[in-house]
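Each remark here refers to the structure printed beneath this line.
The values are calculated or read from the model by the stated rules, or taken from the named source; none is laboratory data. Since this is a predicted model, take the numbers as computed values, not measurements. Cβ atoms come from the backbone with ideal geometry, glycine included; neighbour counts cover every protein chain shown.
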Amino acid sequence: MMSTPIIAQAKIYVSIEQAQKILFQNQSLTKAPIIITDELQEKMRLASSIRYPFRGDRIWKTSDGSWLIIDEVIGKHEMITYAVALNSNGSILGIEILEYVESYGYEVAEVDWRKQFVGKTAKDPIKLNQDIQNIGGATLSCKHITDGVKRVTSLYDLSLKTIR
Amino acid sequence: MRRCQALLGTFVEISTDQDDSQAINEAFSAIKQVQDLMSFHDPSSELNVINQTVHLEPVAIHSWTAEVLKIAQEIYEQSNGLFNCGIGHRLVAAGLLPCHMDLSIYQMSGIEDIRFIDPQIIISSKPLCLDLGGIAKGFAVDKAVESLISRGIESACVNAGGDLRVFGPIPMSIQIRNPSRHTQLIDIGSLQNGAIATSSLYFSKRDQLQSHIINPLARDESEVHLHFSDSYSVVAKECVYADALTKVLALSQATDHPCLNYFSAQAIRITT
């Protein structure tokens with residue numbers, strides 16, 4: 001062994017506020033939560049093959065009718081929080097990953113990944129590339145994100161597009 | 001600021017201390033453009049146009065595609081055929097890539113039959129099924145780095161799902177996954193103005209997929225998919241070379257392969 005191994009952990013990329021800026025620059029967004037009925041939940045499940053429920057409380061709208069939706073994909077090996085920006089006609093403006101937790105529900109239970117952030121204060125900003133790792137290795141597949149985005153676009157077709 | 005988008009079938013991270021969202025957006029756009037040109041999955045990509053028509057008529061291609069094909073041919077030659085992008089049909093047959101054309105009627109040729117009749121026009125005497133999956137990710141990382149530099153970013157890391165390049169005055173510490181237990185990381189030291197790419201099969205094994213490392217020199221079916229449990233990394237100045245040369249390293253298992261030396265690259269093998 002070349003050195004002490006570290007548990008591959010979670011990464012926080014951007015906050016919801018930062019994602020809003022990245023995807024909509026300075027446009028103002030209004031929170032527009034919707035109630036996901038059982039019927040809608042079931043239709044979204046069929047459209048995307050994602051089983052766990054969608055949360056309708058992380059939806060925002062711009063004055064020109066665009067949407068920002070935060071969702072998660074929870075796979076056997078990971079949990080990914082991501083933001084999807086949709087145009088008023090439902091086309092995708094952009095997708096940004098907010099948080100990536102590897103080996104979700106397995107390693108996380110063993111070692112709290114947030115430990116690497118413990119002791120950091122506002123004066124001691126998390127220095128990228130020093131405290132958090134640049135991880136090389138075999139290619140990690142992002143195919144779960146594709147299913148997640150399908151679920152979000154199905155939400156638009158089934159519900160958002162009828163909301164004015 | 002550290003950002004991540006799902007591109008090239010993987011998670012692409014761009015991290016820099018400079019808070020310039022626009023520069024990062026443009027770097028992601030460069031990667032997206034490589035994806036649009038060279039994706040095997042996207043039926044309308046330039047790569048799929050090449051695969052479907054290059055043996056029938058000359059095909060005009062984007063300068064970036066031309067650049068990748070030139071480098072792929074150079075590595076093909078220097079590796080005596082160990083690196084060959086003309087293995088798309090093998091990956092389709094294994095269910096690792098989607099099928100966009102009838103592959104059964106042809107005897108597929110390789111990258112060596114691509115001929116440039118102009119810097120951006122190619123033709124092939126034989127049908128072929130190119131997959132740039134073993135080189136385009138590294139190329140995309142390089143294009144993102146070039147884009148960041150042109151926008152005045154002084155130091156950053158671009159990591160496309162494990163193939164990464166760093167630039168700037170500060171060396172950056174790099175960890176690679178332990179092939180015996182991929183959730184563990186091994187600190188391999190720091191890298192300054194360089195790239196590292198890795199080939200290994202732990203995710204393929206975890207997801208019960210056939211090996212995606214294809215031996216282009218296979219004499220029969222049993223030799224087509226390479227099986228190994230170690231991890232092979234290559235350090236090079238540019239990520240396109242690091243990415244492609246991991247295939248030469250994994251196939252030859254020779255950390256002193258002359259091809260690595262030719263491209264001023266170095267090998268790291270982590271055994272299980």
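Only residues that are under 15 Å from residue B:68 (Cα atoms), assigned to a loop (DSSP other than H, G, I, E, B) and free of Cβ contacts under 8 Å to residues at least 60 places away in the same chain were counted in the range B:95-126, giving 1.
Selection of the range B:11-33 for residues being more than 23 Å from residue B:193 (Cβ to Cβ) and at the interface with chain A (Cβ under 9 Å from one of its Cβ atoms) yields B:11, B:21, B:25. All conditions but one from (1) surrounded by fewer than 17 Cβ atoms within 10 Å (Cβ to Cβ); (2) in a helix (DSSP H, G or I); (3) away from chain A (no Cβ under 14 Å) apply to residue B:50; the one that does not is (1). On the stretch given as the range B:9-37, residues that are within 16 Å of residue B:161 (Cα to Cα) and either in contact with a strand residue (DSSP E or B) (Cβ under 8 Å, 6 or more places away or on another chain) or surrounded by fewer than 16 Cβ atoms within 10 Å (Cβ to Cβ) (or both) total 11. Would you call residue A:149 at pLDDT 90 or above, farther than 30 Å from residue B:244 by Cα, within 11 Å of chain B (Cβ to nearest Cβ) and out of contact with any His (no Cβ under 9 Å at 6 or more places or on another chain)? Yes. Scan the range B:215-265 for residues that are of a type in the set (Ser, Thr, Tyr) and under 15 Å from residue B:84 (Cβ atoms) and the total you get is 2. Selection within the range B:78-94: residues that are not aliphatic (A, V, I, L, M) and not in a loop (DSSP other than H, G, I, E, B). The member of this set that is nearest to residue B:215 (Cα to Cα) is B:90. For the residues B:164, B:191, the requirement of being closer than 12 Å to residue A:134 by Cβ and within 7 Å of chain A (Cβ to nearest Cβ) singles out B:164. Residues in the range A:37-59 that are in contact (Cβ under 8 Å) with a residue 12 or more places away in the chain and over 21 Å from residue A:146 (Cα atoms): 1 in all.
Across the range B:227-250, the number of residues qualifying as surrounded by fewer than 22 Cβ atoms within 10 Å (Cβ to Cβ), out of contact with any strand residue (DSSP E or B) (no Cβ under 7 Å at 6 or more places or on another chain) and of a type outside the set (S, T, N, Q) comes to 2. Taken together, the criteria place residue B:57 among residues that are surrounded by fewer than 18 Cβ atoms within 10 Å (Cβ to Cβ), more than 14 Å from chain A (Cβ to nearest Cβ) and either in contact with a helix residue (DSSP H, G or I) (Cβ under 6 Å, 6 or more places away or on another chain) or not in a helix (DSSP H, G or I) (or both).
Here's the yes/no breakdown for (1) surrounded by fewer than 20 Cβ atoms within 10 Å (Cβ to Cβ); (2) touching a residue at least 24 places away in the same chain (Cβ under 8 Å); (3) more than 8 Å from chain A (Cβ to nearest Cβ):
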position	(1), (2), (3)
B:128	no, yes, yes
B:141	no, yes, yes
B:150	yes, no, yes
B:157	no, yes, no
B:170	yes, no, no
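Assessment of the range A:53-61 against the conditions (under 22 Å from residue A:12 (Cα atoms), more than 12 Å from every other protein chain (Cβ to nearest Cβ) and assigned to a strand (DSSP E or B)) yields at least one matching residue. When the criteria are applied in full, residue B:256 fails the requirement of being facing chain A (nearest Cβ under 9 Å), surrounded by fewer than 19 Cβ atoms within 10 Å (Cβ to Cβ) and either closer than 30 Å to residue B:22 by Cβ or not hydrophobic (A, V, I, L, M, F, W, C) (or both).
Scanning the range B:60-77 for residues that are in contact with a helix residue (DSSP H, G or I) (Cβ under 9 Å, 6 or more places away or on another chain) and over 17 Å from residue B:139 (Cβ atoms) yields one hit, B:77.
Being in contact (Cβ under 8 Å) with a residue 24 or more places away in the chain and over 29 Å from residue B:24 (Cβ atoms) narrows it down to one residue among A:70, A:22, A:34; which is it?
Selected residue: A:34, the only one of A:70, A:22, A:34 that is in contact (Cβ under 8 Å) with a residue 24 or more places away in the chain and over 29 Å from residue B:24 (Cβ atoms).
Take the conditions (1) part of a strand (DSSP E or B); (2) under 30 Å from residue A:75 (Cα atoms); (3) among the β-branched types (Val, Ile, Thr); residue B:246 misses just one of them, which is (1).
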